[in-house]
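Visitor: The structure's right below; bear with me while I get my questions together.
Throughout, read-outs are computed from the coordinates displayed, never taken from laboratory work. All figures in this text were calculated on a predicted structure; none of them were measured in a lab. With ideal geometry, Cβ positions are generated from the backbone for all residues, glycine too; neighbour counts draw on all protein chains shown.
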Amino acid sequence: MDSSQPINLKALTHQELRDYCSEQGIPSYRGDQLFQWMWQKEIHDVHDMLNLPKSLRESLAHTTTITQLERRKETRSKDGTIKLLFETGRDQSPPVEAVLIPDFDQDGSPQRMTVCVSSQVGCMFGCAFCATGKMGYFRNLEAWEIADQAVQMNRVAIDSYGKGITNIVYMGMGEPLHNMKAVTDSVGMITSPLGLELSPKRITVSTVGLSKQIKQLAEQKAPFNLAISLHAPNDGKRDQIMPINESLDLSALREALELYYQSLQKPVTYEYLLFDEFNDSIEDARELSEIVSWIPSKVNIIMYNNVLGVELKRAREHRLDTFMQALSKHGVRATVRRSRGDDIDAGCGQLAIREGISKGKSIAKA
Ligand code: SF4
């Protein structure tokens, strides 16, 4: 750490804040108070932290800073979905995005309020269907930059719908398990009783199938849910649309998931984008049912938001119906998820890509 630079208190985990206070000769419980001011009360000026002694506030004002993600743009869909683009500051990197997806009951009262957060600026995994994959990888987000998306969206949800966020999915820009430490630290910030106090059971982290990291989650007894971005029912098709599958194929994924289930006894969710005449046949459904039988799991069949310049297209309704019938015949529990916010490019990376960006690193072949 550069000692001439003020320390960003927001970048410290709860434990690191306590340690920082101890190192400065300040009682460690002041770290709890600082954490609560920043992450629960959303106060970003130490002068306003009224339960801290005045002398401490003054010295912290000289030696520390408290940052916040800066909003570049907010867009609202007619279906209630709200999308925020945040500046990422350095190296002229593109903005990242977070999306609020509210569900309403029949009377129009808000029910589940899900926020989808980003974990990296861009992504290097180059999945053929993904707008973020097209921009390449720029950098990892820090833990506070991930948690701050949730906090800011919580404020937007309360102001817009009178209800805070209830669920978080790590399914925005980036591959969360390629930024493991920041992702797990951000979950700690979000779930802290001195923060948003969201249960880890309401948090889902998704991955393209990084087997080593899935095994680490098993070892660490990660308290959040795991989703696998599967999108194809066999290695041949997965190789075509997800370059990672060439080095980490379905057998590597199976081995990691079996270990995960052995350790945590928790089912996983498979995310399966349904593409027209690519992965939506009766035979595809049969192969998918074999994968689903590896460990207890459920399946989300997602109707794709078509992306400019991508050949794969959303499956037609009659093919969806046949596919669902075939899955049901094989005893697979599956739910169809309709895309939301089509009118505001709410699919992963789509709004950011329209904002104009240069190209980052990618494992995809040109
Ligand atoms: S789908 Fe996920 S892993 Fe694949 S390119 Fe997009 S952000 Fe990266």
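Visitor: Report the FRET efficiency, 1/(1 + (r/R0)^6), for Glu258 and Arg337, where r is their Cβ-Cβ distance and R0 is 22 Å, rounded to 0.05.
Guide: 0.25
Visitor: What lysines sit close enough to Lys78 to cross-link, taking a C-alpha to C-alpha distance under 25 Å and skipping anything fewer than 8 places away on the same chain?
Guide: Lys78 reaches Lys163, Lys313.
Visitor: Would you mind telling me the antiparallel percentage of the DSSP bridges in the chain, rounded to 5?
Guide: That works out to approximately 45 percent antiparallel.
Visitor: Choose one answer from Ile282, Ile66, Ile26: the residue with the largest mean-square fluctuation in a GNM of the chain with alpha-carbon springs under 10 Å.
Guide: Largest GNM mean-square fluctuation: Ile26.
Visitor: I would also like to ask the following. Which of Ser93, Ser206 has the fewest other C-beta atoms within 10 Å, and how do the rest follow up to the most? The partial results should precede the final answer.
Guide: Numbers: Ser93 18, Ser206 22.
Neighbour counts put them in this order, fewest first: Ser93, Ser206.
Visitor: Report relative contact order for the chain in percent, whole number only (criteria: Cα-Cα under 8 Å, sequence separation at least 6).
Guide: With pairs under 8 Å counted, the relative contact order is 16 percent.
Visitor: Could you tell me the center-to-center distance, by alpha carbons, between segment 1-69 and segment 90-156 in angstrom?
Guide: Between the Cα centres of segment 1-69 and segment 90-156 lies a distance of 26 Å.
Visitor: Please list the non-local residues whose amide H lies under 5 Å from the amide H of Lys73, H modeled 1.01 Å from N, same-chain partners needing a gap of 5 or more.
Guide: Leu85
Visitor: Charges at C-beta only: +1 for Lys and Arg, -1 for Asp and Glu. How large is the resulting dipole of segment 7-65 about its Cα centre, in Debye rounded to 20?
Guide: With Lys and Arg at +1 and Asp and Glu at -1, about 100 debye.
Visitor: Charges on Cβ only, +1 for Lys and Arg, -1 for Asp and Glu, centred on the Cα centroid of the chain; of Ala147, Phe129, Leu196, which one is farthest towards the dipole's positive end?
Guide: Result: Leu196.
Visitor: Going toward the positive end of the dipole of the chain, with +1 on Lys and Arg Cβ and -1 on Asp and Glu Cβ, which of Phe86, Gly25, Ser297 do you reach last?
Guide: Comparing the listed Cα positions along the dipole, Ser297 ranks first.
Visitor: Taking amide H atoms as placed 1.01 Å from N in the peptide plane, list the residues 5 or more away in sequence, or in a different chain, whose amide H sits under 5 Å from that of Gly136.
Guide: Those lying under 5 Å, H to H, from Gly136 are Cys123, Gly360.
Visitor: For the chain, give the magnitude of the charge dipole about the Cα centre (Cβ charges: +1 Lys/Arg, -1 Asp/Glu; no others), in debye to the nearest 20.
Guide: Dipole magnitude for the chain comes out near 220 debye.
Visitor: Based on the Cα coordinates of the chain, what is the per residue volume of their convex hull in Å³?
Guide: Convex hull of Cα atoms, per residue: 147 Å³.
Visitor: If the only charges are +1 at each Lys and Arg Cβ and -1 at each Asp and Glu Cβ, what is the size of the charge dipole of segment 198-273 around the Cα centre, to the nearest 20 debye? Please report the intermediate quantities before stating the final value.
Guide: Numbers: 9 positive and 8 negative charges, 83 e Å.
That gives segment 198-273 a dipole magnitude of about 400 debye.
Visitor: Straight-line reach from Lys359: which aspartates and glutamates have a Cα under 19 Å away, not including same-chain ones fewer than 8 places off?
Guide: Straight-distance partners of Lys359: Glu87, Asp91, Glu97, Glu175.
Visitor: Now, a different point. Quick one: Ile43, Ile165, Ile203, fewest Cβ neighbours within 10 Å first, how do they rank?
Guide: Values: Ile43 16, Ile165 24, Ile203 21.
Lowest count first: Ile43, Ile203, Ile165.
Visitor: Order by neighbour count: Asp103, Asp32, Asp45, Asp284, fewest other Cβ atoms within 10 Å first, most last.
Guide: Result, fewest neighbours first: Asp45, Asp103, Asp32, Asp284.
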